[in-house]
1. Could you grab me the full set of residues in the range 101-122 that are open to solvent by less than 50 Å² (accessible area, probe 1.4 Å) and without any contact (Cβ under 8 Å) to a residue 24 or more places away in the chain?
2. For LEU96, only one of the following conditions fails: (1) at pLDDT below 80; (2) open to solvent by less than 50 Å² (accessible area, probe 1.4 Å); (3) within 30 Å of ILE46 (Cα to Cα). What is its number?
3. Scan the range 146-157 and tell me whether some residue there is out of contact with any helix residue (DSSP H, G or I) (no Cβ under 7 Å at 6 or more places or on another chain), within 24 Å of ILE13 (Cβ to Cβ) and open to solvent by 60 Å² or more (accessible area, probe 1.4 Å).
4. Please work out which one of (1) out of contact with any Ser or Thr (no Cβ under 8 Å at 6 or more places or on another chain); (2) without any contact (Cβ under 8 Å) to a residue 24 or more places away in the chain; (3) of a type in the set (A, V, I, L, M) is the condition ILE43 fails and give its number.
5. Looking at (1) open to solvent by 50 Å² or more (accessible area, probe 1.4 Å); (2) at negative phi, which is the only condition SER74 fails?
6. So, TRP44, is that one open to solvent by less than 30 Å² (accessible area, probe 1.4 Å), closer than 17 Å to ILE131 by Cβ and touching an Asp or Glu at 6+ places or on another chain (Cβ under 9 Å) or not?
7. Output the number of the condition that GLU55 fails; it satisfies all remaining conditions of (1) among the charged types (D, E, K, R); (2) buried (at least 19 other Cβ atoms within 10 Å of the Cβ); (3) at pLDDT below 95.
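The values are calculated or read from the model by the stated rules, or taken from the named source; none is laboratory data. What you see is a predicted model, and the numbers here were worked out from it, not measured in a lab. Neighbour counts are summed over all protein chains in view; Cβ atoms, including those assigned to glycine, are modelled from backbone coordinates with ideal geometry. Areas reflect the complete protein model, heavy atoms only, side chains present, ligands, DNA and RNA absent. Shrake-Rupley method; radii C 1.70, N 1.55, O 1.52, S 1.80 Å.
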Amino acid sequence: MKNRWLIYIIVGILFGVFDFYYQEFTASVITSKLKWFIVAWGIWLIPVTPIAIYEAKVTQSRLKSAYACAITWSISILSYYLFLIVKIVFIGQSSLKELHISNYKSEFYWSNLKSLFTGDFFSGVTEWIGIAIAGGFIIGFSASFIYLRLSTNIKERSIQ
């Protein structure tokens, strides 16, 4: 695997964790639904736009750029929901104290933990993974298309 793909995966993991806290912050600060929508979802363009442009620059391929962005967003979704579980089980969350690892001897701990995985994790991932794949592909393809078109136009003008 090329180093750049490993970097895309790492960016996806880190962005998923960042977005977990970012979404909590924006939901508590921004009151307008339109502003929240723009702020909460516009942030998803930040990690994939440079990836799309870099992949297009290196490979000259709109498809590889689209795949890179789809993978990055998909990894972000998985990271977001895995971090949710890590936060609940190891860090603690006030509303779900019974799922903290310190309660592992509780009679219903393991069945509740299983429900967390089959409920929140799988339903969240299945809800958003399609959007991540399609949206990442569209954004990656579009950004690389624009980049490659502009770089071709600049090269043609410099030749003339």
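1. Taking the range 101-122 as the starting set, the residues that turn out to be open to solvent by less than 50 Å² (accessible area, probe 1.4 Å) are 109, 113, 116, 119, 121.
Of everything in the range 101-122, those that are open to solvent by less than 50 Å² (accessible area, probe 1.4 Å) and without any contact (Cβ under 8 Å) to a residue 24 or more places away in the chain turn out to be TYR109, GLY119.
2. (3)
3. We begin by selecting, within the range 146-157, every residue out of contact with any helix residue (DSSP H, G or I) (no Cβ under 7 Å at 6 or more places or on another chain); these are 146, 149-157.
Cutting the leftovers down to within 24 Å of ILE13 (Cβ to Cβ) gives us none.
Checked against the condition, which is being out of contact with any helix residue (DSSP H, G or I) (no Cβ under 7 Å at 6 or more places or on another chain), within 24 Å of ILE13 (Cβ to Cβ) and open to solvent by 60 Å² or more (accessible area, probe 1.4 Å), the range 146-157 yields no hits at all.
4. Among (1) out of contact with any Ser or Thr (no Cβ under 8 Å at 6 or more places or on another chain); (2) without any contact (Cβ under 8 Å) to a residue 24 or more places away in the chain; (3) of a type in the set (A, V, I, L, M), the lone unmet condition for ILE43 is (2).
5. (1)
6. On the way: open to solvent by less than 30 Å² (accessible area, probe 1.4 Å): yes; closer than 17 Å to ILE131 by Cβ: yes; touching an Asp or Glu at 6+ places or on another chain (Cβ under 9 Å): yes.
Spelling it out, TRP44 is indeed open to solvent by less than 30 Å² (accessible area, probe 1.4 Å), closer than 17 Å to ILE131 by Cβ and touching an Asp or Glu at 6+ places or on another chain (Cβ under 9 Å).
7. (3) is the only condition that GLU55 fails.
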